[in-house]
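Visitor: The structure is given below, and queries will be raised subsequently.
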Amino acid sequence: MKTITYNLIENDNLYFEKISRLADEVIDSSRLGVERYIHLYTKYIDKNRIEEERSYEEYLFDMLSFCVYWKTYSKIAEETFVWPVYLARKLYNIRQKRKGLKKYIDPVRGVLFTAFLYENAVYPPAEFSEINIAKFINWLDATGEFREEVKRFRVLADYLNGLEISAKRVWVNEIGRVIERFDAQRENLLSAYTQNVKKFISEELDRHRWKEDYIFCGRKEVEYHLSMLGAELMNRAYSSMFNSSNSVTLLVPACMRKFGDDRCRADRNAFDIKCADCSSDCGVSMLNKKGKEEGFNVSIIPHSSDFTTWLKTWAVGGNIGVIGVACPLNLILGGLELKSLNIPAKCIPLNYCGCVNHWDKKGIPTEINMAELNKFLKERKTGIEKKTSQESYSVLCGF
Ligand code: SF4
């Protein structure tokens, strides 16, 4: 199997153990200084009735990801003209509403990205000012790659802009310390899984110039690590909600199929694809079989941009627990979207990427770690059994 950017199974079988260790380290390091700000931020959220209070891990991840992306993109954002950012955002919004226009809009966005928005280079971050924060968020928004993160960052930016300069400086220093620890540990624990990211960027990324996925395919190694950490933190934060869901749907990407669109016999409707089991050694068919035996549904999402439509149509209401499968770069967006719709969720990263849209001309069928899937199913089963026995006990006792 060819490793294009990342691979969770090539070197060892310890990825999930290591990502859990990294999450513990990051949470520990936040206790020294950032914890205070997370409590203040939570109060700010409550006071302004912005959302139902989220967990410590989720707010920590908001702050951490804001700063990691700030280090990565704030300088490019500061130096990009306003009009291409505006135009790219406008076109993205039109494309989201009218899917049929994608084939006309994407090439224009590819030109805007390559000519104005993105450079395959590393710069020091911009000065941390209100105007640069606004430019940074608008730039992220224009790329379309950070749709959900942008919503989180707008809230955080309003909070930060309201702090006294001295408090803002302390916050920057404290979160900087967490990032230092994250950087040191991620190299140590995760770089073995992402060895090819730098190679891909230096040798292959040029093939994506003038295309809409130029920014997506050029995402840096630190962003893979950040997303992996985010997935672990979200899985922890969403556990109790997922474990009391009424049913489970496993949402898998089309790149897990053995065959492409030409040979896959799956039944399509407007929003998702249901496997028709045309080939017993197809990864999706195997999951479908497991789902029938163990009581969960499997749905194929054609592309990550179809995720929202699927969620709004099928999953809202009914307390359906969703296990989303995607490559790390798409996991956070999906996880945040599920959370914003109050859908109980878990996520599993693909073991490697290989989709025909971005990574490989022919497409490499992708796969997931079955032990991780079994772990989530087992935890939920235990949660449901516990809930049922508590309810029976309450009925018996007449509560
Ligand atoms: S087994 Fe299912 S998902 Fe796989 S190629 Fe056949 S119909 Fe498509």
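The values are calculated or read from the model by the stated rules, or taken from the named source; none is laboratory data. Just so we're clear, the structure is a prediction, and the values are computed from it rather than from any experiment. Positions of Cβ are generated from backbone atoms using ideal geometry, with glycine treated the same way; all protein chains shown enter the neighbour counts. For the accessible areas, the whole protein counts, side chains as well, though only heavy atoms, and no ligand, DNA or RNA atoms are used. Shrake-Rupley method; radii C 1.70, N 1.55, O 1.52, S 1.80 Å.
Visitor: Of everything in region 291-313 that's part of a loop (DSSP other than H, G, I, E, B) and at pLDDT 85 or above, which residue is nearest to the ligand (Cβ to nearest atom)?
Guide: My answer is 296.
Visitor: Same structure again: Of the residues in region 45-70, how many are closer than 18 Å to residue 162 by Cβ and surrounded by fewer than 17 Cβ atoms within 10 Å (Cβ to Cβ)?
Guide: 6
Visitor: Could you pull out the residue among 109, 21, 31 that is open to solvent by less than 10 Å² (accessible area, probe 1.4 Å), among the charged types (D, E, K, R) and within 30 Å of residue 194 (Cα to Cα)?
Guide: Unique residue meeting the criteria: 109.
Visitor: When you scan region 202-229, how many residues do you find that are part of a helix (DSSP H, G or I) and out of contact with any strand residue (DSSP E or B) (no Cβ under 9 Å at 6 or more places or on another chain)?
Guide: 17
Visitor: Just for region 202-254: of the residues that are over 24 Å from residue 22 (Cβ atoms) and β-branched (Val, Ile, Thr), which one is surrounded by the fewest Cβ atoms within 10 Å (Cβ to Cβ)?
Guide: Filtering region 202-254 for residues that are over 24 Å from residue 22 (Cβ atoms) and β-branched (Val, Ile, Thr), the one surrounded by the fewest Cβ atoms within 10 Å (Cβ to Cβ) comes out as 249.
Visitor: Confirm whether residue 252 is among the β-branched types (Val, Ile, Thr), within 16 Å of the ligand (Cβ to nearest atom) and not in a helix (DSSP H, G or I).
Guide: Working: among the β-branched types (Val, Ile, Thr): yes; within 16 Å of the ligand (Cβ to nearest atom): yes; not in a helix (DSSP H, G or I): yes.
Criteria met by residue 252.
Visitor: On the basis of being touching a Lys or Arg at 6+ places or on another chain (Cβ under 9 Å), over 29 Å from residue 168 (Cα atoms) and surrounded by fewer than 21 Cβ atoms within 10 Å (Cβ to Cβ), does residue 114 make the cut?
Guide: yes
Visitor: Please go through region 185-220 and pick out each residue that is of a type in the set (Ser, Thr, Tyr) and closer than 18 Å to residue 330 by Cα.
Guide: Looking only at region 185-220, we keep the residues that are of a type in the set (Ser, Thr, Tyr), and these are 191, 193-194, 202, 214.
Residues satisfying the conditions are 193, 194, 214.
Visitor: Further question: I'm trying to understand the selection: among the residues of region 84-126, which are in a loop (DSSP other than H, G, I, E, B) and either of a type in the set (A, V, I, L, M, F, W, C) or within 20 Å of residue 205 (Cβ to Cβ) (or both)?
Guide: Once the filter is applied, which keeps residues that are in a loop (DSSP other than H, G, I, E, B) and either of a type in the set (A, V, I, L, M, F, W, C) or within 20 Å of residue 205 (Cβ to Cβ) (or both), region 84-126 yields 118, 119, 120, 121, 122, 123, 126.
Visitor: Could you please find all residues in region 262-290 being more than 9 Å from the ligand (Cβ to nearest atom) and either at pLDDT below 95 or in a strand (DSSP E or B) (or both)?
Guide: 262, 268, 269, 270, 271, 272
Visitor: So how many residues does region 255-276 have that are aliphatic (A, V, I, L, M), open to solvent by less than 40 Å² (accessible area, probe 1.4 Å) and free of Cβ contacts under 8 Å to residues at least 40 places away in the same chain?
Guide: 2
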